[in-house]
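Single-structure report; data block below.
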Amino acid sequence: MPDHRIPVTVLTGFLGSGKTTLLNRILTEKHGQRIAVIENEFGEIGIDHELVINADEEIFEMNNGCICCTVRGDLIRILGNLARRRDKFDRIVLETTGMADPGPVAQTFFVDDDIKDEFYLDGIITLVDAGHVNQHLDDSDEVMAQIAFADMIVLNKTDLVDQKALSSLQARLRDMNKLAQIILANMANAPLDKVLDIGGFDLGRALETNPAFLEPEYPFEWGGLFNLKAGEHTLALDTGPDPDMSALWTRVDEARPTSLTGLAEKVFRHFAQPAHMAGNGDLITAGDIHWKLQLATASTLHLQVPADGMYALFTQHTPEEFDTRLYDVNEHVCEPVDEHFFNAGHIHDDAVSSVAFEFEGSLDPEKFDAWLSVLLRTDGADLFRMKGILAIKGDDRRMVFQGVHMLFDNIPGALWGDEVPGNRLVFIGRNLNRDYLEGALKQCLS
Amino acid sequence: MPQLIAKGLPNARLLSQMVLSESSADMGWSSCGSWLAAVTTSGVVHLVDGETGAQHTEWLAHENGALALCWHPRLPLLASSGQDGHVRLWHVAPDHSCALLIDIPLTEDPANNWIEHLSWRPDGAQLAAACGKKIHLLTLDGTREGEYTFPGGTVGALCWRPKGAQLAAAGYGGIKVYNVLDRNSRPQALKWKGSLLSLNWSPDAQVIAAGCQDNSVHFWRLPKLSDAMMSGFPYKPVQLSWSKNSRWLLTGGSSQLILWSFDKKGPEGKPPVTVDFHQEAICAIDIANSGQMLATGCRAGKIAFWNQVGDSTPALEAQLDSRVEQLAWSPRKNAKRLASTSRHGTLSFWEAIAA
């Protein structure tokens, strides 16, 4: 059945992150959609557009005192009015204030039946100023929440930071929110076709919009590809967050060119092998060997480079964390020809993080419901978003679910058919305990 | 459980019908019943003859869109407001021509320039206009006689005490009742931690009822302020109508028409009377001045005409092209004429007799 409801795109982001720039692009570039704008943030840059409604944000809590039933009164009022003018536009864009909590915005689309009948939340886009977001993340709960809620993070002003900082920022954001697509931009130049059709809350599209499902977690955060001349090289490291660090040093077969992500697929299983210890002055041989570098003090290790060619180094932590440097025989620094920051299990100690699970087997619906309802009741305030595809015992269809705080929604999806039924879930929240969640979920297997 | 739904009801007689350019934001009869005015969401007022239903004139009243209309309780004077921060008073002459009498700019703040609610004091001496969290009191010559600030944010509804000079405003956090004759007096607070969207005072002024965001109806008995809540509506029960004798409160917000008895004991502890007819949620209710005829309209566009409040089956029905937006009986004595508007902008005149 076609959805006749009007899509609503929400733009969030700290002051100066480029929300209004993106909004102006949405309004001026050709995409064939007529757009009505609701603005909670005004005055930064003028909007020259016919249908702009300015409104102060109004947060309504309900009498039961549950913060998860908090909705946005201004949105309900304005959308109620726009529902009567729906032939005038195809889409609504809401620009929130820099300090806005996206929770009540999302909840409005879950709890208000009048809104649900006429509108759907297409997605929450969070703009991030690449130059300043680290600082904002450290001292603003609002920025954390905006990133946690996002379906798409537009990492803006990337021209103002170097590649390393950008990669590490991407890794940090990815760690906080595995559900969001991250788009790199300057002047908020994210491709509008992606921005205007996210389907972030569309259960029917839960799979295609979950990049985290596609990218596994690796036991290393960084990989670098080096083009080296034969001879013994030197790897210098300072002390870092841990007294040791796993690493792998391998030669790359140039006859069969592979990307760093492709290589990662091949080497990650070696990290599960027992590690060979190596400390200051030791030799690291090239090969599929899991090394545990002893780094209680600043150390220099020798790297074997038996022949000219391409080599790859994978390390458990990013080079910044141990100030990792590679020198050639002449003590010149070797820069990687390519590098990649991987989606590691946990990188930063941000209060907000996301955890993804993937496991086979069917869930017992009663056990799962009982556990989930307790989880949402006790920890719902700390759970920003949840999304997943589940295999339920006795049901040959996928069960697709999503949640915002304590609110929860699920629909049956496609048949499993020939595919082995399994479960994939992502939780985004504050103070998540991965081990507890994983254990509890597996307890629900039938 | 299967329900017996009356089938094959006679249709009400359609007197006239016109298609407005878009949905009507508000609609109402002049006090004498000579005219009906409907204003579209983009701000065009249509003035229609109360007898024939034919249009006399139309004009753009508010450029950025209109939100409310309110006829003066005695004079041929129409107040309008919109998304431009202005209240305008229009005078309708006996020859049906219409002229702008006074333009009253209330605000230039672009973030708070929606004037969503207008209500004339029952004696016609003042017009109350709600703009964001401000409530302005305006006189017939456009003088701003005072303003109140509603503490909970944007005002959700305004309602004057019947025959009185107390103005009730509802919104987030409850109701404030302002005595406009003593502007220094402290407003009475009827607190409720929730968001109130609509308001209706019983004709005997003993009870004030409010429809709430969390799908409930809350009411207070005056002057003691004992209060109670009715919940369990599938939709927001913003439609509240009192029977003329103040005995029944009729609520929408579900496909059943629900009648809450306010006799000496009720409605606490007693199940309400429920009437099944509509297939979808009721979104408009109006009781005729005579106190007899009742009309209800639902999201599916069906209108039911009931001979009296409490009937279990309607006498007539009618079908609109889309969701019923507003219903209003002619104020004339014993009139059986009903005006309706639909989401798609169809304005219809009905006579409550079989077609």
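The values are calculated or read from the model by the stated rules, or taken from the named source; none is laboratory data. None of the values given here were measured: they were computed from a predicted structure. Methodologically, a virtual Cβ is constructed for each residue, glycine included, from the backbone with ideal geometry; neighbour enumeration extends over all protein chains shown. Accessible surface areas use protein heavy atoms only, side chains included; no ligands, DNA or RNA. Shrake-Rupley method; radii C 1.70, N 1.55, O 1.52, S 1.80 Å.
Full extension of the chain segment joining B:LEU100 with B:ALA354 gains 87.5 nm, where the gain is 0.36 nm per residue of separation less the Cα-Cα distance.
Measuring heavy-atom accessible area with a 1.4 angstrom probe and counting protein chains only, the residues of segment B:212-238 that give up at least 30 Å² relative to the chain alone are B:GLN213, B:ASP214, B:TYR235, B:LYS236. Remark: mean inter-chain Cβ contacts per residue of A:50-58 equal 5, using a 10 Å Cβ-Cβ cutoff to other protein chain atoms. Normalised by the number of residues in segment A:352-443, the mean separation of alpha-carbon contacts (under 8 Å, six or more apart) gives a relative contact order of 40 percent. Each part gets one Cα centre, and for segment A:398-446 versus segment B:307-331 those centres are 48 Å apart. Helix A:434-443 versus the longest principal axis of chain A: what angle, 0 to 90°, nearest 10, using Cα atoms? It works out to around 70 degrees. Annotation: the antiparallel percentage among DSSP beta bridges lying fully within segment A:352-443 is about 95.
Only protein atoms count toward the accessible area here, which uses a 1.4 Å probe; on chain A, the carbon and sulfur part of that area reaches 49 percent. The mean sequence separation of alpha-carbon pairs under 8 Å and at least six residues apart, normalised by the residue count of segment A:222-341, gives a relative contact order of 49 percent.
In this structure, A:LYS30 and B:SER185 have a Cβ-Cβ separation that, at R0 = 41 Å, corresponds to a calculated FRET efficiency of about 0.10. Taking Cα atoms only, the orientation of helix A:163-176 departs from the longest principal axis of chain A by about 60 degrees. Listed peptides B:333-345, A:79-91, A:122-134 appear in the order A:122-134, B:333-345, A:79-91 once ranked by packing, highest mean of other Cβ atoms within 10 Å at the front. A DSSP coil position with no more than 13 other Cβ atoms inside 10 Å describes the following GluC sites (Glu not before Pro) in segment A:238-325: A:GLU254. Most simply put, the protein assembly as shown has about 85% antiparallel DSSP beta bridges, counting only bridges with both residues inside it.
Where the centroid of each part is defined by its Cα atoms, how far is segment A:224-244 from segment B:29-43 in Å? If we compute the Cα centre of each part, the gap is 81 Å.
Average accessible surface for chain A: 42 Å² per residue, computed with a 1.4 Å probe over protein heavy atoms with every protein chain in place.
For segment A:383-432, which chymotrypsin sites (Phe, Trp or Tyr not before Pro) are both in a DSSP coil and crowded by at most 16 other Cβ atoms within 10 Å? Here the chymotrypsin sites (Phe, Trp or Tyr not before Pro) that fit, given the DSSP loop and packing criteria, are A:TRP416. Shown are A:VAL404, B:VAL44, whose ranking by accessible area with a 1.4 Å probe and every protein chain present, most to least, is B:VAL44, A:VAL404. When the accessible areas of B alone and A alone are added and the area of the pair subtracted, with a 1.4 Å probe, the result is around 2500 Å², both sides summed.
Distance between the 7 Å Cα→Cβ label points at A:ASP238 and B:GLN319: 7.9 nm. Mind checking which of B:VAL19, B:VAL309, B:VAL177 has the largest fluctuation in a GNM of chain B, springs on alpha carbons under 10 Å? With Cα springs under 10 Å in chain B, the top fluctuation among B:VAL19, B:VAL309, B:VAL177 is at B:VAL19. For the peptides A:353-363, B:90-100, residues were scored by their other Cβ atoms within 10 Å and the scores averaged per peptide; the highest-first order is A:353-363, B:90-100.
The calculated FRET efficiency for the pair B:TRP59 and B:GLN17, based on their C-beta separation and a Förster distance of 22 Å, comes to about 0.55.
Comparing each chain alone with all protein chains together (probe 1.4 Å, DNA, RNA and ligands left out), the residues of segment B:147-191 losing at least 40 Å² of accessible area are B:THR154, B:TYR172.
Once C-alpha pairs closer than 8 Å and six or more residues apart are averaged by separation and normalised to the residue number of chain A, the relative contact order reads 15 percent. Does segment A:1-122 come out rounded, prolate or oblate by the C-alpha gyration tensor, with a ≥ b ≥ c the root eigenvalues, rounded set by a/c under 1.5 and, if not, prolate when a/b is larger than b/c and oblate if not? Note, shape of segment A:1-122 comes out oblate. Note on A:75-87: average number of Cβ atoms from other chains within 10 Å of each residue's Cβ is 4. Counting only heavy atoms of the protein chains, get the accessible area per residue of chain B (1.4 Å probe) and round it to a whole Å² value. On a per-residue basis, 40 Å². The mean number of Cβ atoms from other chains found within 10 Å of a Cβ in peptide A:108-115 is 3, as a whole number. Full extension of the chain between A:HIS4 and A:GLU366 gives 126.9 nm of extra length, using 0.36 nm per residue less the Cα-Cα distance.
For segment B:26-102, the normalised intensity computed at q = 0.14, 0.15 Å⁻¹ comes to -0.36, -0.42 (log10 of I(q)/I(0), Debye sum over alpha carbons, equal scatterers, no solvent). A Förster radius of 60 Å, combined with the Cβ-Cβ distance separating A:ASP117 from A:ARG256, puts the computed FRET efficiency at roughly 0.60. Expressed in Å, the radius of gyration and Dmax of the Cα atoms of segment B:104-253 are 15.0, 45.
Extension gain, A:ALA298-A:ASP141: 0.36 nm per intervening residue step, less the Cα-Cα distance, totals 53.0 nm. What percent of all Cα-Cα pairs in chain A falls in each 20 Å bin, counting up from 0? Distribution as computed: 23, 50, 25, 3 percent.
Expressed as a whole percent, the accessible area of segment B:21-122 that falls on carbon and sulfur atoms is 51 (1.4 Å probe). Here is the tail figure for the protein assembly as shown: Cα pairs spaced more than 40 Å apart come to 47 percent of all pairs.
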